[in-house]
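These notes concern the structure reproduced below.
The values are calculated or read from the model by the stated rules, or taken from the named source; none is laboratory data. Just so we're clear, the structure is a prediction, and the values are computed from it rather than from any experiment. For neighbour counting, all protein chains shown are included, and Cβ atoms are generated from backbone atoms with ideal geometry for every residue, glycine included.
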Amino acid sequence: MMRALSAPVVRGAATRTACLLLIVAFYVFTFRAPVTQLDDAFISYRYALNLATGHGLVFNPGEYVEGYTNLLWTLLIAAGIALGGEAEALGHWLSAIFGAATLITTYAYAARLLQKRAVWLALLAPLGLLAANSFVCWTTSGLETPLFAWLAVSASLALAWERRTFTAILCLLATMTRPEGALLAASLLGYDFLAQLAAGRVLAWKRRLAGAAGPCALFACGLLLLTLFRLWYYDDIVPNTFYAKVGGIPVSRGWIYLRNWVVDGPGLLVPGALLAAIALPRFRPACWFIVLNAVYVVAIGGDVFSVGRFLLPALPMMLGGAIAGGFNALRQSRAAGAVMLALVPACMAWSLYGTWPPAWGPPDYDFPRMKPAQFPHSAKRAAARIHWIFLPDEDALKHLQLARLRQLQPPVHLLALVGIGKLGYWGPEFTILDMVGLTDRHIARSGKVLAGTFIAPGHSRTDSAYVLARRPDVIELPKRGSPFLPLPVVIDMWNNPDLERFYHYDADINSYVRN
């Protein structure tokens, strides 16, 4: 009897596993070919290269400034370089690996929220993630986002399985990957602690409290050690990027950033996720992370880049919650449940092919380079994989610029840049002065404000007098008066009379060269 009952269960599990592997295989096959990576990824690559070659975890040898926010990702790249790998290839394949792991763990999390007889619905979760433009965009950029997304959903799954110590470890690793890891820990461990505090009889209260307090203490100890490392190595308790990015960004930019992500599809998951939060206690910690992360993103003014980089880590849990909430509604009302569950494939279809009316704001705000594509190809999906900033041949132009910089006489030693990633990594012999302050303590703490400039996270700091006082050999800057995004640093440098007094513009390298 047991054998007869178990055979369908085994066949069902095997079928679901095969379907999941097909989804993962499709993802790996589709994203096997590298695309142009984001300039910011190369900031971490230069830190990793310097660490692997004995210069320390620094951007410029001898300058101990924490100009990155992804310690764990940088260490993984450094380990790969030390073993003979190349940073760009490592970034691509690590992104693919953690993207695939996120798909698998998203399925497992959704399955945990569902009853056994409905576990096949969990396959909608990785499909929904694969259809999301934020997933497509940020698993091909070279940044740490897929690692953080995997750690976030893995920690949520561990807590749903009541593996609290493992949850604390995953939250600590997430905090080493992105600052939002602290929000993850507060949401998961904090909610669990409070829930255990409020639950149970008097005799069971102490046991439950001890079980919840231990993981919180473990995370707190790990966070303390991370902070002590920062204080010892960089003489600060937060990354330098905190000073360079936080403050002065209008909250309205954060609302626009959140709105663009929500109306690109994930907003359709909200009703089901809310139902799951009401009906399923094991989903509530993840729901708190979704909410707190959204509040945090709005408060900091969003991101300089579009397509929901900071919001992607919450999407796997939203998908799991929407599916579980829809199934729970189905048990109460076939019609209501069917509508709720239908919102998940509707989210996929809208993410791939939907566009919002101009009345809602600038049309396709996050997809300025979208070109028509014949069905079933998705123009939005193709546009989401574009990471070059100004020109599609960005990498070739950067290499050409480097070649010309190396030919200048007298030789270039100090190079002042706004985009420090690719030129910094491909030109490791140059000392780089970051004019927006990510890797420069002085500029990061500058309070200079310029009216009428374009304020964006990570690009709002400037101090032209300090830059020119350093006497860089070359300042990468468009020619004064030319059409360009009015960043504070550009306007500030143009307005400083010492720029054209001590430098002349060289069109061959699109930069100012010291006289």
(Q) Suppose we filter region 469-494 for residues that are in contact with a strand residue (DSSP E or B) (Cβ under 8 Å, 6 or more places away or on another chain) and of a type outside the set (Val, Ile, Thr); how many remain? (A) 9
(Q) Conditions first: (1) within 25 Å of Asn260 (Cβ to Cβ); (2) in contact (Cβ under 8 Å) with a residue 60 or more places away in the chain. Arg112 passes all but one, so which condition is the exception? (A) (1)
Q: Give region 395-410 a look and list any residue that's touching a residue at least 40 places away in the same chain (Cβ under 8 Å) and surrounded by fewer than 17 Cβ atoms within 10 Å (Cβ to Cβ), or say none.
A: Asp395, Arg404, Leu408, Pro410
**Q.** Complete set of residues in region 98-118 that are more than 18 Å from Leu275 (Cα to Cα) and touching a helix residue (DSSP H, G or I) at 6+ places or on another chain (Cβ under 7 Å)
**A.** Phe98, Gly99, Ala100, Ala101, Thr102, Leu103, Ile104, Thr105, Thr106, Tyr107, Ala108
Q) Based on what the data block shows, is Pro411 within 21 Å of the chain's Cα centre (by Cα) and outside the structural domain of Ala131 (by TED's automatic domain parsing)? A) no
Q | Per-region count, region 432-451, residues closer than 15 Å to Ala469 by Cβ and among the polar types (S, T, N, Q) | A | 1
**Q.** Within region 94-174, helices (runs of 4 or more DSSP H) holding 1 or more residues that are touching a Phe, Trp or Tyr at 6+ places or on another chain (Cβ under 7 Å) and of a type in the set (A, V, I, L, M)
**A.** 124-131, 145-160
Q: Spot the failing condition for Ile420; the list is (1) over 30 Å from Phe59 (Cα atoms); (2) buried (at least 20 other Cβ atoms within 10 Å of the Cβ), and only one is missed.
A: (1)
(Q) With assigned by TED's automatic domain parsing to the domain that holds Ala294 and touching a Leu at 6+ places or on another chain (Cβ under 7 Å) as the only criterion, which of Leu130, Leu157, Leu184, Leu189 stands out? (A) Leu130
Q | Among (1) acidic (Asp, Glu); (2) more than 18 Å from Tyr47 (Cα to Cα); (3) surrounded by fewer than 18 Cβ atoms within 10 Å (Cβ to Cβ) - the single one Glu476 does not satisfy | A | (3)
